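Before any comments, here is the structure.
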Amino acid sequence: MTFRENYIRTITFNAPLWLHCDFYITGAMWAVYKKGLEDIVLKYPDIFGLYTLVDYDNMHFSTEDIDDNFVTDAWGCKWHYPLRYLDGVVVDHPLEDISKLDSFVGPDTPVPVLNEAQWQDEIEKVQAAKARGEFVMAHTEHGFLFLRHTYLRGFDNAMMDYADPDAEPALQRIYDKIITYNRKLVDFHIKRGTDYIEFAEDLGTQTGTIVSPETFRKWIKPAYAELMQPCKKAGMFVGLHSDGKTLDIIEDQIEAGVDVVNPQDLCNGIDELARRIKGRACIRLDVDRQVVLPYGTPKDVDDLIHEEMEKLGSPAGGLMFAIGLYPPTPLANIDALANALRKYGAMWLPGR
């Protein structure tokens, strides 16, 4: 079975032959652990996949070193990246003063402009990749819609936009600009025949959604559907990444068009995820990186993966893992994690 077929079988509940895991090993981890981390990655090639050489000897990370690193993105949002290899925060918002909206021009979507012959070549490349067993994927930027609004306006202003009826006309104009930007990306990947597109942003806090479920349904859900439904009609699979507790809107995500949800495990609750969405959409589970992985014991890690496989897995499929590794996660826990994924990954396979 090819990688592509197994991935599709997992999404469609059609008995995959192996458990799919995505690892995101931050540069900070390589900088801290160097060869020790490399040894574990090489020890579990069936879990970590193809290994790309990392020049960790020349990498350095410390939470004591604050970088004076500022970058302005295509939208005019100024970012500060204080810690090397990790994400930043927007510190200057081009629409903090809403009166600037009339003169604000958003960026062009960064997709190629192709002539007819180039399009034919692009489509043939995608078809060839599928024939080789590859699963052709595309991604939006992180913060593609709701978070982009907060980047443009600033968080407090963005929250007031949702709360103040007088702000709704301007809010709709901002959403229209963001949707238009992303729709060009969607149309490009529909035309080239992409298998899957993942939309990405964060909608939750530690204890609930950033905006109320009612606000999500009024503003964000229809915008999601406007971007996701054309993908669905074209036969593409749709994924949505979101950190935080999003349990109250996960079913709305599915209704908007999401095939693969990406909830964090412990803040949403493993039992609640099983009760609410198991079997309704493929779960690409984000394994806890706040308590168990960085501060638990290897047994805690093993127990967590076992529980998640037992409660969220099935012979039909519908479960993947997405795992981010950040300091101070110890090497012993990474080894335990890989071993647990190998050990319990075959739990639901026939005859295993």
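Before moving on, here are some points about what is shown:
- The chain - mean residue ellipticity at 222 nm from DSSP helices (-39,500 (n - 2.57) per run, n ≥ 4, rounded to 500): -13000 deg cm²/dmol
- Dipole magnitude for the chain: about 1280 debye, using +1 per Lys or Arg Cβ and -1 per Asp or Glu Cβ, origin at the Cα centre.
- Relative contact order computed over the range 151-245 (Cα-Cα under 8 Å; 6+ residues apart), in percent: 37 percent
- Note on the range 103-148: dipole from Cβ charges, positive end direction compared against Thr109, Gln127, Ala138; the farthest Cα belongs to Ala138.
- Listed from fewest to most Cβ neighbours within 10 Å, the set Thr329, Thr209 follows the order Thr209, Thr329.
- Under 14 Å, Cβ to Cβ, from Ile174 - net charge with Lys/Arg +1 and Asp/Glu -1: -2
- For the range 101-284, the relative contact order is 21 percent, taking Cα pairs closer than 8 Å that sit 6 or more residues apart in sequence and dividing their mean separation by the residue count.
- Inter-part distance where the range 9-60 and the range 326-340 are each reduced to a Cα centre, Å: 11 Å
- Ranked Glu38, Glu214, Glu198, criterion: other C-beta atoms within 10 Å, fewest first: Glu214, Glu38, Glu198
- DSSP finds beta bridges in the range 101-284, and of those with both partners inside it, around 5 percent are antiparallel.
- Among residues other than Pro16 with Cβ under 9 Å from its Cβ, the summed charge is 0 (Lys and Arg +1, Asp and Glu -1).
- Net charge in the neighbourhood of Arg192 (other residues with Cβ under 14 Å of its Cβ; Lys, Arg +1, Asp, Glu -1) is -3.
- Here the Gaussian network model covers the chain, with springs between Cα atoms less than 10 Å apart; of Gly257, Gly36, Gly208, Gly36 fluctuates the most.
- Listed by chain and number, the aspartates and glutamates whose C-alpha is less than 17 Å from the C-alpha of Lys34, apart from same-chain residues fewer than 8 away, are Asp55, Asp57, Asp335.
- Normalised by the number of residues in the chain, the average gap of Cα pairs under 8 Å and 6 or more apart makes the relative contact order 21 percent.
- Considering only Pro222, Pro213, Pro110, the mean-square fluctuation computed in a Gaussian network model of the chain, springs between alpha carbons under 10 angstrom, is largest for Pro110.
- Note on Lys278: lysines with a C-alpha under 17 Å away, same-chain residues under 8 apart excluded, are Lys245, Lys311.
- Residues with amide H under 5 Å from that of Asp22, placed H, sequence gap 5 or more: Phe321, Ala322, Ile323
- Selection among Val54, Val90, Ala316 by position relative to the dipole of the chain gives Ala316 as farthest towards the positive end (Cβ unit charges, Cα centre).
- Taking 0.36 nm per residue of sequence separation and removing the Cα-Cα distance, the Lys233/Thr109 pair yields an extension gain of 42.4 nm.
- Gain on full stretching of the segment that runs from Ala15 to Asp248 - 0.36 nm per residue minus C-alpha separation: 81.0 nm
- The modelled label-to-label distance between Asp57 and His306, using points 7 Å beyond Cα along the C-beta direction, is 4.1 nm.
- The range 258-293 and the range 213-233 have Cα centres spaced 21 Å apart.
- Evaluated over the range 105-242, the count of Lys pairs having alpha-carbon atoms less than 20 Å apart is 13 (only pairs 8 or more residues apart or interchain).
Where a number appears in this text, it was derived from the coordinates with a stated rule and is not lab data. Since the structure is predicted, the reported quantities are computational estimates derived from the model, not experimental observations. Reconstructed Cβ throughout: ideal geometry from the backbone, glycine too, with neighbour counts over all protein chains shown.
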